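Each remark here refers to the structure printed beneath this line.
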């Protein structure tokens, strides 16, 4: 974790934590860095953005910095994060930039940098950008005369991505009634086009962005509205995306939520039956539900557990050659098709499973029992002191022994906040509540908790 860049780029409230000056300097450094390493001596950078009011402001700042350093810039305009990754890795680009704060409220924004292979930018390059922002590196020379970069409209990049998505399903979606919640975000120009082209009867909500309504009471962070919509319209399935469309959560034909763990279960089993589950393994994070692991055990499917964050999921998948991995949040990666989570792609893979199995989505979870789960965040002065306290470690062991194989306690540090996360899974909500607050109360009794 750097000073500015976290696990998912440089993110914060627009013009407070993340300013136009920051964006300009990020552009200046990336234009210089990729230019000096380019055989042509000039970087080619593609930029996409979501629908936030500030995305245009940051786009112009990045373009100014990049072109001032001699880079040529191609603008995809409003488009999902995974489309930028796709265009970079399949085209002649040195890097890509996505302007988005994902599922955050509209007043936040972020800069995600994607390297030439379509992966998240290397940590050592992020460190150099941070040094440049803070004035710890020499000033970068400005391009002059015909070395100044140019900017090109590249809406066709988004259309290329849509065309790619259309090649993935093996069956038409004719007669399928599909609901889409676009979160007033980056999927609003993509998702319906894909489903219409595949023959579905498509019903869409929250696809009228105005700059301030992205993620507001809609999308994957407020899926209750899609639940009501699916039941009201009698739809076969509904898909909810987040602001930059790299996540997808579902609603089945009965109006029940299908989270990332259920998606991993359904798609992992389907890939296994097709002989496409590499290493017979699904990659999860430590936050995946205990019920998922028990179900995988019954089906003879192996699994890996990584730290929380799609970055760590993807690193594990690349290192070992696994084909599917993801998080409860709906950030699912299918390595055969993408190098990042892709909400629309995930929805297409779920449709493949439904049509391939020839059953309703609600019928695909018969062997999966999701355990009740309770997570409480405790703000503390020193995370390391808490995690190494002898009394807390002792209680952790005691709770683990009491829960046995029918539950678990997970105590972990937040990667971005001064917070300890206490999570318990158990057979009942009452047990979750009992053991979570047993640990939370001890943290407070020891004097480690602080006011927000």
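Readers should treat all values here as calculations from the given coordinates under stated rules, not as data from a laboratory. Since this is a predicted model, take the numbers as computed values, not measurements. Using ideal geometry, Cβ is built from the backbone for each residue, glycine included, and neighbour counts are taken over all protein chains shown.
So, R0 is 30 Å and r is the distance between the beta-carbons of residue 402 and residue 274; what FRET efficiency does that work out to, to 0.05?
0.15
Please give the FRET efficiency for residue 145 paired with residue 56, using the beta carbon to beta carbon distance and R0 = 22 Å, rounded to the nearest 0.05.
According to the calculation, E is roughly 0.15.
Each label point is 7 Å from the Cα along the Cα-to-Cβ direction; what then is the distance between the points at residue 298 and residue 222, in nm?
With each label point 7 Å from Cα toward Cβ, the separation is 3.6 nm.
Using helices alone, what [θ] at 222 nm do you get for the chain, with -39,500 (n - 2.57) per DSSP H run of 4 or more residues, divided over all residues and rounded to the nearest 500?
After summing the helix terms and dividing by residue count, I get -11500 deg cm²/dmol.
What is the distance in Å between the Cα centroid of segment 218-237 and that of segment 120-145?
Taking the Cα centre of each part, segment 218-237 and segment 120-145 sit 44 Å apart.
Quick one: Cα convex hull volume of segment 373-445, Å³ per residue?
Residue-normalised Cα hull volume stands at 77 Å³.
Among bridges DSSP assigns within segment 178-365, what percent are antiparallel (round to 5)?
The antiparallel fraction comes to roughly 40 percent.
Over what distance in Å are the Cα centres of segment 14-85 and segment 379-452 separated?
Here the answer is 42 Å between Cα centres.
Beyond 16 Å, what share of the Cα-Cα pairs of segment 26-86 remains, rounded to the nearest whole percent?
44 percent
Once Rh is set to the Kirkwood radius over Cα pairs, what Stokes-Einstein translational diffusion coefficient, in µm²/s, holds for segment 1-49 at a temperature of 4 °C and a viscosity of 1.567 mPa s?
Using the Kirkwood radius from Cα pairs, D works out to 106 µm²/s.
Which order do peptides 339-348, 108-117 fall in by mean Cβ count within 10 Å, highest first?
Packing proxy ranking, top to bottom: 339-348, 108-117.
Share of antiparallel DSSP beta bridges in the chain, in percent to the nearest 5?
So the antiparallel bridges in the chain amount to around 55 percent.
Taking 4 °C and 1.567 mPa s as the conditions, I'd like the Stokes-Einstein D for segment 178-365 in µm²/s, using the Kirkwood hydrodynamic radius from alpha carbon pairs.
The calculation lands on 79 µm²/s.
Where q = 0.09, 0.11, 0.12 Å⁻¹, what log10 of I(q)/I(0) comes from the Debye formula for the chain, counting one point per Cα?
Debye output, listed in q order: -0.61, -0.91, -1.07.
In 10 Å bins starting at zero, report the fraction of Cα pairs in segment 5-159 per bin as a rounded %.
In whole percents, the pair-distance histogram is 12, 46, 36, 6, 0.
Need one number: % antiparallel among DSSP beta bridges in segment 225-308, to the nearest 5.
55 percent
On average over all directions, what projected area in square nanometres does segment 244-343 have, based on the convex hull of its Cα atoms?
6.2 nm²
Evaluate Rg over Rh across segment 178-222, taking Cα atoms for both radii and Kirkwood's formula for Rh.
Here Rg/Rh amounts to 0.99.
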